[in-house]
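Contents: one structure, followed by commentary.
The values are calculated or read from the model by the stated rules, or taken from the named source; none is laboratory data. What you see is a predicted model; the values in this text were computed from it and never measured. Here Cβ is always computed from backbone atoms with ideal geometry, including for glycine, and neighbour counts include all displayed protein chains. These accessible areas exclude ligands, DNA and RNA; they are computed on the full protein's heavy atoms, side chains included. Shrake-Rupley method; radii C 1.70, N 1.55, O 1.52, S 1.80 Å.
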Amino acid sequence: MIEIKANDPTLKSWIKVPENSDFPIQNLPFGIIKINGGKPRVASRIGDFAIDLKSLFILGYLDNLPFTLEDFDSEYLNHMMMKGKEATRKLRNRLSKLFRDDFDDLKNHEHHVQQVLIPMKQVTMLLPVQIGDYTDFYSSEQHAFNVGCLFRDPNNALLPNWKHIPVGYHGRSSSIVISGTPIHRPKGQMKPPTANQPTFGPSKLMDFELEVAFITYQGKLLGDSISTKEADDYIFGLTLFNDWSARDIQGWEYVPLGPFLGKNFGSSMSPWIVTLDALEPFRVPGPIQEPKVLPYLEYKGDKHLDVNLQVIIQPEDGEENVVCNSNLKYLYWNMNQQLAHHTVNGCNINCGDTMASGTISGPEEGMYGSMLEISWKGTKPFKMSDGTERKFIEDNDTVIMRGYASKNGVRIGFGEVSTKLLPAK
Ligand code: MN
């Protein structure tokens with residue numbers, strides 16, 4: 001595989017990138033944009049500009065790369081991603097070259113620059129990938145422990161399989177929406193522990209789950225498996241992911257087959273896919289796994305990622321309230337183990353599949369990734385700056401998740417996933 005030249009921390013761009021931007025020249029994520037309501041197309045981003053890759057291709061700046069016009073003239077990234085990791089790495093290296101300050105091919109063509117760089121104000125972001133299958137894991141030990149304490153007891157919090165299996169379930173891909181798309185409070189059946197009969201109505205316990213999702217390249221054939229060692233080659237990039245959860249619907253329905261209507265009414269995704277390549281400098285060791293995992297789950301090297309994560313609740317016309325500061329590095333099971341486990345039975349994966357981490361809770365209070373844990377099942381309400389309290393999410397609250405990695409003066413961010421909860425229909 002070729003070198004990732006685009007990650008050089010000393011690189012500077014001839015585009016002015018605001019300080020603390022999530023999108024310096026070392027990021028160069030991928031997404032789908034619409035410019036002033038035009039047709040969707042593939043884009044990257046630097047500072048406050050979208051980079052129109054369709055125009056860049058037509059102007060010849062992406063020559064001698066393994067791509068065709070339809071890879072960029074597309075409403076999803078899947079076409080481009082079908083070319084595989086080596087190809088997208090070359091593309092990102094090329095973008096890095098075109099925008100670095102000591103290379104002036106594009107820089108000196110003022111009319112080309114105007115065609116290619118679109119101010120973000122003129123851009124609408126769309127769902128970046130056509131998602132065939134969505135899987136949700138349950139890979140944060142603190143989250144699994146907290147939930148175990150809330151519904152069982154601290155001595156019996158983790159179920160016997162938890163440290164042996166990256167537990168997960170198959171979710172609903174059709175209801176994954178892009179940041180900015182409001183979601184209605186779902187209705188359903190619920191039965192509070194004190195009630196004798198189930199009732200029907202709007203969920204009273206609406207919650208977010210702070211997650212990060214990875215998006216896959218085309219996998220292997222049905223019957224084949226991807227090892228922990230091979231997994232990096234099948235992971236295109238990562239997004240922030242809010243796996244909305246109706247706790248009361250979930251609590252009544254989940255036995256014995258697991259999550260269903262408490263989950264499938266919607267999940268929200270951030271628009272820019274930050275490549276795994278761009279995140280390579282932020283690798284860190286994971287926790288020591290004890291008991292020892294089975295051989296197919298063993299891995300070598302640092303496979304966890306140090307990415308700061310934050311959750312904010314913003315009431316209508318109100319201030320932002322930070323309710324959680326966590327980090328992707330707190331996962332017990334890493335993406336390589338998740339993907340190896342997912343395919344060990346021969347299950348195939350496809351280009352654009354979305355695999356979410358599960359709620360990412362850190363080891364201390366203030367680091368919990370859901371209201372269920374923050375309010376400890378409603379017993380410790382969160383005090384908001386406007387004097388109100390939150391046990392769960394109220395109608396017209398907006399939930400915002402942000403994330404970034406930072407090292408050697410380079411900050412690689414995800415932007416945000418922001419979703420307003422509307423009243424039940
Ligand atoms: Mn989840």
Exercise for review: With the condition kept exactly as written, say whether any residue in segment 280-289 is touching a residue at least 60 places away in the same chain (Cβ under 8 Å) and either within 23 Å of W162 (Cα to Cα) or in a loop (DSSP other than H, G, I, E, B) (or both).
Suggested key: yes
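Filter segment 237-259 for residues that are open to solvent by 10 Å² or more (accessible area, probe 1.4 Å), within 13 Å of the ligand (Cβ to nearest atom) and either in contact (Cβ under 8 Å) with a residue 60 or more places away in the chain or within 23 Å of L422 (Cα to Cα) (or both) and give the result.
Hits for segment 237-259 are R247, Q250, G258, P259.
Among the candidates I360, I412, single out the residue that is more than 16 Å from the ligand (Cβ to nearest atom), buried (at least 24 other Cβ atoms within 10 Å of the Cβ), in the same structural domain as G171 (by TED's automatic domain parsing) and of a type in the set (V, I, T). Steps first, answer last, please.
Details: I360 fails: more than 16 Å from the ligand (Cβ to nearest atom).
The conditions single out I412.
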>> Kindly evaluate I393 against the criterion of being touching a residue at least 12 places away in the same chain (Cβ under 8 Å), open to solvent by less than 10 Å² (accessible area, probe 1.4 Å) and under 22 Å from I165 (Cα atoms).
In response: no
Over segment 160-203, the set of residues of a type in the set (S, T, Y) and in a loop (DSSP other than H, G, I, E, B) is S173, S174, S175, S179, T181, T194, S203
Conditions (1) part of a helix (DSSP H, G or I); (2) open to solvent by 50 Å² or more (accessible area, probe 1.4 Å); (3) assigned by TED's automatic domain parsing to the domain that holds T239 -> Q114 fails only (3)
Within segment 260-280, the count of residues that are within 14 Å of the ligand (Cβ to nearest atom) and not aliphatic (A, V, I, L, M) comes to 8
All conditions in (1) assigned to a helix (DSSP H, G or I); (2) away from the ligand (no atom under 16 Å from the Cβ); (3) aromatic (F, W, Y) are true of F145 except (2)
Restricting segment 140-173 to residues that are over 16 Å from G258 (Cα atoms) and either under 16 Å from the mean Cα position of the chain (by Cα) or among the acidic types (D, E) (or both), the one surrounded by the most Cβ atoms within 10 Å (Cβ to Cβ) turns out to be S140
query = S370: within 16 Å of the ligand (Cβ to nearest atom) and either assigned by TED's automatic domain parsing to the domain that holds A231 or more than 25 Å from L127 (Cα to Cα) (or both), yes or no?
reply = yes
Residue within segment 201-221 that is open to solvent by less than 10 Å² (accessible area, probe 1.4 Å), of a type in the set (G, A, S) and within 18 Å of S139 (Cα to Cα) present
yes
Scanning segment 8-57 for residues that are closer than 17 Å to L69 by Cα and in contact with a helix residue (DSSP H, G or I) (Cβ under 7 Å, 6 or more places away or on another chain) gives R41, V42, A43, S44, I51, D52, L53, K54, S55, L56, F57
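Quick check on L305: is it in contact with a Lys or Arg (Cβ under 8 Å, 6 or more places away or on another chain) and either at pLDDT 95 or above or more than 16 Å from the ligand (Cβ to nearest atom) (or both)? Please lay out each step first, then the result.
Values: in contact with a Lys or Arg (Cβ under 8 Å, 6 or more places away or on another chain): yes; either at pLDDT 95 or above or more than 16 Å from the ligand (Cβ to nearest atom) (or both): yes.
For L305, the condition - in contact with a Lys or Arg (Cβ under 8 Å, 6 or more places away or on another chain) and either at pLDDT 95 or above or more than 16 Å from the ligand (Cβ to nearest atom) (or both) - is met.
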Out of (1) farther than 20 Å from S267 by Cβ; (2) touching a residue at least 12 places away in the same chain (Cβ under 8 Å), the one G352 does not meet is (1)
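Return the residues of segment 260-279 that are assigned to a loop (DSSP other than H, G, I, E, B) and in contact (Cβ under 8 Å) with a residue 60 or more places away in the chain; say none if nothing qualifies.
Here is the first cut: in segment 260-279, the ones assigned to a loop (DSSP other than H, G, I, E, B) are 260-266, 270-272.
L261, G262, K263, N264, F265, G266, S270, P271, W272 - these are the residues of segment 260-279 that are assigned to a loop (DSSP other than H, G, I, E, B) and in contact (Cβ under 8 Å) with a residue 60 or more places away in the chain.
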- Message: Among the residues of segment 168-191, are any within 15 Å of the ligand (Cβ to nearest atom) and among the polar types (S, T, N, Q)?
- Response: yes
- Query: Can you spot a residue in segment 55-70 that is under 25 Å from the mean Cα position of the chain (by Cα) and not hydrophobic (A, V, I, L, M, F, W, C)?
  - Reply: no
